[in-house]
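Shown next, in structure tokens, is the structure this report addresses.
The values are calculated or read from the model by the stated rules, or taken from the named source; none is laboratory data. Keep in mind that what you see is a predicted model, and the values were worked out from it rather than measured. We place every Cβ from the backbone using ideal geometry, glycine too, and count neighbours over all the protein chains shown. When the accessible area is computed, the model is the full protein with side chains, heavy atoms only, and any ligands, DNA or RNA have been set aside. Shrake-Rupley method; radii C 1.70, N 1.55, O 1.52, S 1.80 Å.
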Amino acid sequence: MIEENEQPNPDELLKAIQKEEIQKKFGRLKIFFGMSPGVGKTYAMLEEAQQKQKEGVQVVIGVVNTHGRKETEALVTGLTIIPEKWIKYKDIAFEEMDLEAILQMKPQLVLVDELAHSNVPGSKHTKRWQDVIEIIDAGIDVYTTMNVQHVESRKDVVSNLTGIQVRETVPDLILERATSIELIDIPPPELLQRLAEGKVYTGDQSKAAAENFFKEPNLMALREIALRFTAEKVDHDLHGILQGKGWKTRERLMVAISSSPSSEQLIRAARRLAFELDAPWIAVYVDTGVSLKDQDQVRLNRYFNLARDLGAEVITTHDLDIAAALQRIANQHDITRIVIGRPPKKKFSLLTLFQGSFVDRLENDNKHIDIVILRQEQLTNIYQRSVLKFSFSSSLESYGIALAFVGGITVLGLLVLPLIGYKSAGFIFLLGILILSFFVGRGPIFLAAFLSALAWDLLFIPPRFHPSIREPEDITLVVIYFFVAAITGSLASRMREQDQYLHRREEDIERLYEIERDIANATNFQYLRLNVISRLEHTFQGKFDILIKGSNDQINFDSQLSLLNTEKEKVTANWVFKNNKIGGWSTDTLPSAEGLYFPIRFSKSSVGVLVYFPKTERSLSMEEMNFIQTVAQQLGTYIGRYLFEEQMVKQDYSLQIERMHQSIFHSLNRSFYAPVDGILKIIHQLQKEAASENVRHLIDQIDKFMLRIKFTVENIITISELESGFIHFESKIQPIQDLIQQSLKDVSAFIGNRPIESNLMATPLLLPFDFNLLKFALDNLLVNASTYSDPSSPILVKVDLDGSEYRLSVLDEGSGIPNEILPMIFEKFYHAPEISKGLGLGLAIVKAVVDLHKGKIEVKQREAKGTEFTLILPR
């Protein structure tokens, strides 16, 4: 009896099946992995590639760097090399792997050295690993090499242990796509010996490497990291294999990030922890309403891309209270661990007296969630946002308004002072601060609270015009006033910011609604194009356009934007359309393009591209990217429907023309058939009455020619009837021998004295078929065999029974049919190259007749010579 917890999880089984199906569509990736250069990764890769080539695998070299090592260069011999292409950058020509040539050649296996390599600006992708992804997505296997310091999630660990600053990295997701990782390992002393012997680098390069990178402590640390990573990868793969056998994933991680430089370390640390636990993870950014500078926005977008590359789901949310936002996201996604950073020193604020620190709030509000706190070298602004944190980033105009407002309240207070007293005058200042908070930010509010407290003390509380306060009661009033004014003003300012955010969200929703309304009400594509582009250009600084696919399934570059006429922009648009991914400016794919391209999807395929040419170099925020992508999704629904309707109209129009054509064709064929039949009757009459032998011979020749014409006309009539649906189909149980004998009689004029052999038995063999149609198909097979074989060679007709099917075969001893044209021989009007006998309708008729009988056709070459056509029909 199987216990409940031992039963396989259906979701996990489905996930495993889907993963296996996806992997079948793509090429396999194998990584030769090592602790540093010189351990023999390229050598091992080439050695295995040579073995694969001996096994019959088509192996090519995309790029291999031997660094002058003779043993490695020897292994290149015999392998096909795809020449690298030249790319010009800053008046210097560089060699890079020719990705397009590899994709066009489509070998079984390609060798790509140095996976972490950065491509020259102007290349299709900024990184070589992106080239590799495109290659395996095209169904081509890849062998590649890389060192442990280039693993993205291990970058910080390598830097801390060795002091090596790594600039080129590969996302961990690429390593997860690898079907296998082979560790190439040698002890550090042996590697240093190889370096000294010049087997790693040559000349001065070897000496420089020994003085900097190749030190035994560094190599020991790198080796340990490589071994640990490989062990973790094996353990991670075992989790997937042994899922449901006692190894279950229950963890879900969340990391809180911001535009702070320290967030990069947090993302990598969260990735390492998620990998060790084999757990899904998300990266959360909380928008508190503070406008980010351009450099902060660029850095934040880079962190989003980094998190995605490392396998995280990226979520952005808005809330003035960061702790509350993290708690909400954690509850929504069933998070079990939250990863956050901690500043080196705790800063005191009055808020901690009432609510506790940020970390305390997370711990108290999430009792069922583990909090993982990582120390950071730099203070992240995640902790700098609180109700009492005042921003001094407001404009000088706002501070001027605050000064003028305090001055006006002071004058008003002095005017009414004799009537209400100095204590009541304090409430006038407090009311003024509340009113001011609806117009300026927190910095000016803090300044106004301080100046109003100072003015109340100097000008209103006795002794006036003296800073000292004698009465304890008055001291208490001033202190309480200051904090009440600061807190209430800050809260009011916070409410104003929240209102502004909601107003912006409302405007975005309104814009989306207007665009969706334009899409829904569009009567044609041009109307849709003009209206949607106009609204997008009103929202964003730049130019937009919509490109849709044409009838040839390629992008139609019918655009008013002159920028789209350049080859670089067209290549980018085509890549985005074919790969269904964002590309162009500010992305990692074809970043040298001036435009940003969004795929327009419908039913998992691209139907067009949304183009954006920005006027400024400012990177789009996550919200802006999401807005444009949402518009692209809405466009996909309309354009997909528009293209489908357009295709249906064309098909309907073509079908009507085809039906009219077939009707006319059928009528003409029938009209032509009657005179031919009449001529044949006259010829037969002349044959009986002719006295001269020579005249009878000529009449016989005319008779044969007319029979061929009649046979051709019958073929034309039959194919037109089959396609128009005018033909009558009736399958009956009847002797197959009668069919074959009648067919041989019909084609006797074509085959002459050629020997015909058959394996027919004496007793009638009763089988189901339409006599006239199947006879006509057999006529064409016999004529075809006679036409394409030697006149003296025999033709064999045979019938075999095979379970629930029977096989009617015609065998000849002709030259055979080349394999490359086999798929086309049953098409109408098709002629083999350099052969122009007949109209090319006979085999098309055979195929149509067999389809009506719900059978199939088998064509194969005979062992000696000739072709065997077999009609396999149900019994």
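Table for the structure above
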read-out: Whole-percent carbon and sulfur share, accessible surface of the stretch 294-345, 1.4 Å; value: 41
read-out: Accessible area (Å², 1.4 Å probe, nearest 10) - Glu264; value: 40
read-out: Heavy-atom accessible surface of the stretch 125-171: percent carbon and sulfur, 1.4 Å; value: 44
read-out: Virtual spin-label span in nm between Phe557 and His728, 7 Å along Cα→Cβ; value: 5.9
read-out: Volume per residue that the Cα convex hull of the stretch 95-160 spans, once the total is divided by residue count, Å³; value: 94
read-out: Rounded, prolate or oblate (a/c below 1.5 giving rounded, otherwise prolate when a/b exceeds b/c) for the stretch 27-67 by Cα gyration tensor; value: prolate
read-out: Accessible area, probe 1.4 Å, largest first, for residues Leu227, Leu253; value: Leu227, Leu253
read-out: Isotropic mean projected area of the C-alpha convex hull, the stretch 276-338 (nm²); value: 4.7
read-out: √(5λ) per eigenvalue of the Cα gyration tensor, the stretch 483-638, largest first, Å; value: 35, 19, 13
read-out: Accessible surface, the stretch 263-325, averaged per residue in Å² (probe 1.4 Å); value: 35
read-out: FRET efficiency, 1/(1 + (r/R0)^6) with R0 51 Å, evaluated for Phe525 and Ser748 via beta carbons; value: 0.25
read-out: For the stretch 437-448, 3J(HN,Hα) per residue [Karplus equation, 6.51 cos²θ - 1.76 cosθ + 1.60, θ = phi - 60°, Hz, x = Gly/Pro]; value: 5, 7, 10, 10, x, 6, x, x, 5, 4, 5, 5
read-out: FRET efficiency for Glu313 and His538, using Cβ-Cβ distance with R0 set to 22 Å, rounded to 0.05; value: 0.10
read-out: For the stretch 148-157, Karplus couplings with θ = phi - 60° (6.51, -1.76, 1.60), whole Hz, Gly/Pro x; value: 5, 5, 8, 6, 4, 6, 9, 4, 5, 4
read-out: Where Leu782, Leu374 fall by accessible area, highest first, once all protein chains stay in place (1.4 Å); value: Leu374, Leu782
read-out: Added length on full extension, which subtracts the Cα-Cα distance from 0.36 nm per residue, Leu412 to Arg28; value: 130.2 nm
read-out: Calculated FRET value between Met495 and Asp185, using beta carbons and R₀ = 45 Å, to 0.05; value: 0.15
read-out: Asp652 paired with Glu514, simple spin-label distance in nm, labels 7 Å along Cα-to-beta-carbon; value: 3.5
read-out: Share of Cα-Cα pairs in the stretch 492-566 lying beyond 14 Å, as whole percent; value: 72
read-out: Area of Asp296 that stays accessible when all protein chains are in place (1.4 Å probe, Å², to 10); value: 30
read-out: Listed residues Leu320, Leu852 arranged by accessible area, highest first, probe 1.4 Å; value: Leu852, Leu320
read-out: Overall Cα dimensions of the stretch 34-155 - principal axes, largest extent first, Å; value: 42, 34, 28
read-out: Placed amide H near Tyr806: partners under 5 Å, 5+ positions off or other chain; value: Leu873, Arg875
read-out: Ratio Rg/Rh [Cα only; Rh per Kirkwood] for the stretch 728-831; value: 0.97
read-out: Carbon plus sulfur fraction of accessible area for the stretch 48-108, probe 1.4 Å, in percent; value: 51
read-out: Estimated translational D of the stretch 587-645 in µm²/s (Stokes, Kirkwood radius over Cα pairs; 25 °C; 0.890 mPa s); value: 196
read-out: In Å², nearest 10: area of Thr787 left accessible to a 1.4 Å probe; value: 50
